[in-house]
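Here's the structure, in structure tokens; my notes come after.
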Amino acid sequence: MAMALATHRDNSLNKHLDAGKYVRYTAEQVEALERLYAECPKPSSMRRQQLIRECPILSNIEPKQIKVWFQNRRCREKQRKEASRLQTVNRKLTAMNKLLMEENERLQKQVSQLVYENGYMRQQLQSASLAGTDTSCESAVTTPQHPLRDVNNPAGLLTIAEETLAEFLPKATGTAVDWVQMPGMKPGPDSIGIVAISHRCSGVAARACGLVNLEPTKIAEILKDRPSWFRDCRSLEVFTIFPAGNGGTVELLYMQMYAPTTLAPARDFWTIRYTTSLQDGSLVVCERSLSGSGGGPNASAASQSVRAQMLPSGYLIRPCEGGGSIIHIVDHLDLEAWSVPEVLRPLYESSKVIAQKMTIAALRHIRQIAQETSGEVVYGLGRQPAVLRTFSQRLSRGFNDAINGFSDDGWSLLSSDGNEDVVVAINSSKNMGTNAGLANSIPLPGGVLCAKASMLLQNVSPALLVRFLREHRSEWADYSVDAYSAASLKAGTYAFQGPRPTRFSGSQIIMPLAQTVEHEEFLEVIRLEGHALTQEEAVLSRDIHLLQLCSGVDENAVGAFSELVFAPIDELFPDDAPLLPSGFRVIPLHSKTGSPQDGLTTHRTLDLASSLEAGSATNRTNGESSPNSCNLRSVLTIAFQFPYEIHLQDNVATMARQYIRTVISSVQRVAMAISPSGLGSHTGPKLVPGSPEALTLARWICQSYSYHLGAELLRSDSQVQSGDSVLKLLWHHPDAILCCSLKALPVFTFANQAGLDMLETTLVALQDVTLDKIFDESGRKVLCSEFPKIMQQGYAYLPMGVCVSTMGRHVSYEQATAWKVLGEDTNVHCLAFSFANWSFV
């Protein structure tokens with residue numbers, strides 16, 4: 001009886017174990033399982049059985065139970081990661097809440113002060129006294145004139161440093177300057193931070209505060225290296241340094257800033273920088289100008305610059321509980337706007353511009369470093385984040401060097417050809433750029449020639465213009481000039497022989513390399529495919545690769561300018577590859593008074609040819625453009641660099657002048673086409689000249705499909721009656737629907753959204769795509785064999801196949817249908833194609 005009872009208990013226990021409800025593992029068994037989990041968190045059935053054979057201590061555990069253990073282990077790991085993530089989010093929210101509470105308290109004090117001032121002014125007016133001037137920020141903007149003799153007096157410099165600290169701290173905490181929220185910047189847990197600009201204050205000033213997952217000393221180290229993150233900083237030299245109390249330092253600095261355009265001189269600063277710690281553990285780096293226009297170690301560079309003033313500015317960095325820091329950044333400058341043409345003065349009198357170029361840039365940079373340090377940012381092609389950042393900095397620095405043309409870099413102007421529109425400078429130095437190392441060394445027996453120009457644009461969105469120039473290079477670039485620049489960087493092939501008889505195939509493949517956290521800037525490799533037009537040149541024809549930096553192409557983002565900079569490279573470019581940057585920079589001179597959506601739409605599709613030919617008719621049909629669009633003014637700066645050999649200098653200079661003028665003409669044409677005055681208020685799908693209105697064409701496409709195939713292209717819905725509903729359904733149809741002309745060389749004239757996505761293009765560039773380009777060789781053969789059938793019976797079904805997008809990617813589709821689109825009086829207007837269930841291969 002006892003034996004039977006024991007057997008029954010054993011059987012019950014085995015069933016209990018088989019059911020997977022509970023198994024007690026020994027420490028040795030857990031250790032063995034953990035070792036396997038570290039190697040493979042999700043082992044296969046065979047691997048689990050192998051583990052049982054290799055580990056005798058697991059022999060008494062069923063494979064099913066081991067499977068359950070791994071499932072539970074993965075679940076615990078996932079819960080642990082989620083708990084860690086939530087703790088991190090909680091810390092960020094707590095710190096952000098503290099920032100918002102401080103900001104709210106500051107705003108409440110500001111409101112109280114304004115109410116008091118308002119009452120005081122009312123009282124003064126009522127008593128008919130003279131109106132007092134506002135002195136709300138006088139103490140914050142007055143820079144005492146410290147004589148240069150204090151440079152050699154550490155005690156005097158320390159006194160100045162302490163005064164700078166005393167004036168900086170109230171600015172950092174938001175009490176010394178009348179701050180207003182930066183337009184377009186909303187504080188919140190997902191934002192970059194709280195950004196404000198000065199109001200009713202001399203000079204231009206900006207303030208930002210945010211949370212960064214780095215220690216204070218690391219943040220201070222990064223931000224003090226200003227050339228690494230401030231793209232407009234040409235150089236920063238430490239003239240002298242000596243220790244101060246609390247482990248701090250006092251430094252004398254000379255900084256030079258690039259001019260953003262060829263129309264203005266550079267700026268330089270002679271400053272004192274004080275680094276110290278506060279009693280609450282905060283770290284402070286503050287800085288201000290010293291008086292005198294001749295101070296600084298670089299007399300040659302100073303002669304080409306205008307001495308600007310830095311009012312007390314800097315960084316207040318507070319450590320957070322649990323790691324990370326809260327940083328307050330203040331930039332307060334007087335850029336001497338009187339020294340630039342009046343049209344450019346908004347750039348030098350705008351606190352918003354300083355916020356975008358300096359304050360926000362600093363905060364973005366340290367956030368980028370923090371995310372890269374934590375492993376949150378992963379880049380492709382095996383490049384390290386620091387290397388890719390260096391490429392971006394070198395492209396930007398090389399472009400700025402070309403625009404400014406400093407004589408101490410070796411630049412000198414060539415005599416003009418009689419027209420003053422294009423400036424040409426040469427540099428026979430082999431080391432390009434300030435403080436150039438081997439990475440910027442271009443071993444040429446001649447030198448580098450730069451052709452540059454600036455022009456004023458009216459009523460054009462900088463972001464939209466640069467985005468178009470990036471996506472449609474064939475609209476402005478000459479492939480043969482690109483080929484010359486690329487070949488010239490190779491040893492022994494620098495001689496200028498004139499443009500070769502090659503042509504751009506139309507295929508531009510963009511390969512992303514890196515982008516910043518907020519996607520306001522991205523680095524990419526561009527491959528341009530070229531084909532020789534003669535058999536003799538076929539051996540020389542090859543693809544061209546460009547390293548390209550693009551920024552400011554989002555119209556809704558807050559940015560100081562839009563820029564497209566590129567340089568020819570080898571296909572497998574090393575980290576120290578020489579770069580010779582060229583490009584475009586478009587700087588807005590006035591902010592829009594209304595919403596970013598007024599007059600412009602971020603994802604608007606454009607048609608260059610039709611905009612120029614039919615712009616006036618469009619305006620008459622659709623009404624006048626938004627009044628806000630008339631406020632868009634910007635300055636465009638173009639700079640292109642070309643290598644040359646000494647005895648061919650004149651030839652290359654002539655070519656460069658002609659090329660820049662051609663590019664300017666093309667850009668002006670693009671600007672006219674994409675300006676609101678050229679497009680009117682119509683922002684929907686736009687068709688070529690001579691085409692019917694979009695609503696009519698949509699109706700023709702659907703009626704012709706029904707007539708030829710006996711089926712409905714769109715869903716049968718009694719509610720679909722109006723033409724705009726038909727167009728809307730056609731535009732959002734899941735199949736890629738395209739229309740092409742019936743010319744000798746059929747070109748596409750219309751596509752719905754799926755069609756544009758499939759071809760990776762827009763309605764602007766669609767009309768440059770011919771029908772034969774999108775099919776591979778087998779697809780073209782099928783189309784040729786079916787074409788008579790299409791024209792005879794009105795339609796044909798094309799079997800499953802592969803087509804090619806404008807970016808060179810292959811697209812598979814299950815079936816394609818082609819049919820004739822009949823217009824008025826049953827005349828054939830065009831051919832329509834529908835690609836079902838398409839996807840990128």
Before we move on, is Phe496 open to solvent by less than 50 Å² (accessible area, probe 1.4 Å) and at pLDDT below 80?
-> yes
Checked pairs for segment 413-439, first closer than 22 Å to Met257 by Cα, second open to solvent by less than 60 Å² (accessible area, probe 1.4 Å) and at pLDDT below 80, C-beta under 7 Å and 6 or more apart or across chains, list as Asn431/Asn440; Asn431/Ser441; Met432/Asn440; Met432/Ile442; Gly433/Asn440
If you scan segment 391-428, which residues turn out to be surrounded by fewer than 16 Cβ atoms within 10 Å (Cβ to Cβ) and in a helix (DSSP H, G or I)?
-> Gln393, Ser407, Asp408
So which residues in segment 772-813 are within 14 Å of Cys740 (Cβ to Cβ), hydrophobic (A, V, I, L, M, F, W, C) and under 38 Å from the mean Cα position of the chain (by Cα)?
-> Ile774, Phe775, Cys803
Residue in segment 43-52 that is modelled with the highest pLDDT, counting only those that are surrounded by 10 or more Cβ atoms within 10 Å (Cβ to Cβ) and not small (Gly, Ala, Ser) = Pro43
Determine which single condition Tyr644 fails, assuming it passes every other condition in (1) in contact with a strand residue (DSSP E or B) (Cβ under 6 Å, 6 or more places away or on another chain); (2) at pLDDT 90 or above.
-> (2)
Any chance segment 116-123 includes a residue that's part of a helix (DSSP H, G or I), more than 27 Å from Ile317 (Cα to Cα) and modelled with pLDDT of 70 or more?
-> yes
Of all residues in segment 267-305, which are modelled with pLDDT of 90 or more, in contact with a helix residue (DSSP H, G or I) (Cβ under 7 Å, 6 or more places away or on another chain) and surrounded by fewer than 20 Cβ atoms within 10 Å (Cβ to Cβ)?
-> Thr276, Ser277
Those residues that are outside any loop (DSSP other than H, G, I, E, B) and surrounded by 21 or more Cβ atoms within 10 Å (Cβ to Cβ), I need them from segment 253-265; list them, please.
-> Leu253, Met255, Gln256, Met257
Quick check: anything in segment 789-812 out of contact with any Gly (no Cβ under 8 Å at 6 or more places or on another chain) and closer than 19 Å to Arg699 by Cα?
-> yes
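One line per residue, one yes/no per condition, for (1) at pLDDT below 65; (2) polar (S, T, N, Q); (3) open to solvent by 30 Å² or more (accessible area, probe 1.4 Å):
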{"residue": "Ser666", "(1), (2), (3)": "no, yes, no"}
{"residue": "Arg669", "(1), (2), (3)": "no, no, yes"}
{"residue": "Pro676", "(1), (2), (3)": "no, no, no"}
{"residue": "Gly680", "(1), (2), (3)": "yes, no, no"}
{"residue": "Trp700", "(1), (2), (3)": "no, no, no"}
{"residue": "Gly710", "(1), (2), (3)": "no, no, yes"}
{"residue": "Leu713", "(1), (2), (3)": "no, no, no"}
{"residue": "Gln719", "(1), (2), (3)": "yes, yes, yes"}
Does any residue of segment 757-764 turn out to be without any contact (Cβ under 8 Å) to a residue 40 or more places away in the chain and touching a Cys at 6+ places or on another chain (Cβ under 8 Å)?
-> no
What is the residue count in segment 799-816 for residues that are in a strand (DSSP E or B) and either small (Gly, Ala, Ser) or buried (at least 20 other Cβ atoms within 10 Å of the Cβ) (or both)?
-> 6
If you go through segment 721-751, how many residues are over 11 Å from Leu831 (Cα atoms) and modelled with pLDDT under 80?
-> 7
Would you be able to say whether some residue in segment 358-375 is open to solvent by 30 Å² or more (accessible area, probe 1.4 Å) and at positive phi?
-> yes
Leu395, sole failed condition from (1) under 20 Å from Pro265 (Cβ atoms); (2) at pLDDT 90 or above | (1)
Give segment 205-252 a look and list any residue that's surrounded by 16 or more Cβ atoms within 10 Å (Cβ to Cβ), in a loop (DSSP other than H, G, I, E, B) and under 34 Å from the mean Cα position of the chain (by Cα), or say none.
-> Asn213, Leu214, Glu215, Trp229, Phe230, Arg231, Asp232
Just give me the residues in segment 744-766 being of a type outside the set (A, V, I, L, M) and either under 20 Å from Thr696 (Cα atoms) or in contact with a Leu (Cβ under 8 Å, 6 or more places away or on another chain) (or both), in sequence order.
-> Pro746, Phe748, Thr749, Phe750, Asn752, Gln753, Gly755, Thr762
Selected residue (criterion: nearest to Leu589 (Cα to Cα)) from residues of segment 463-478 that are assigned to a helix (DSSP H, G or I), open to solvent by 20 Å² or more (accessible area, probe 1.4 Å) and not polar (S, T, N, Q) | Arg467
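The values are calculated or read from the model by the stated rules, or taken from the named source; none is laboratory data. What you see is a predicted model; the values in this text were computed from it and never measured. So basically every Cβ, Gly included, is an ideal-geometry build from the backbone, and we count neighbours across all protein chains shown. Ligands, DNA and RNA are stripped out before the accessible areas are found, and what is left, the full protein with its side chains, is counted by its heavy atoms. Shrake-Rupley method; radii C 1.70, N 1.55, O 1.52, S 1.80 Å.
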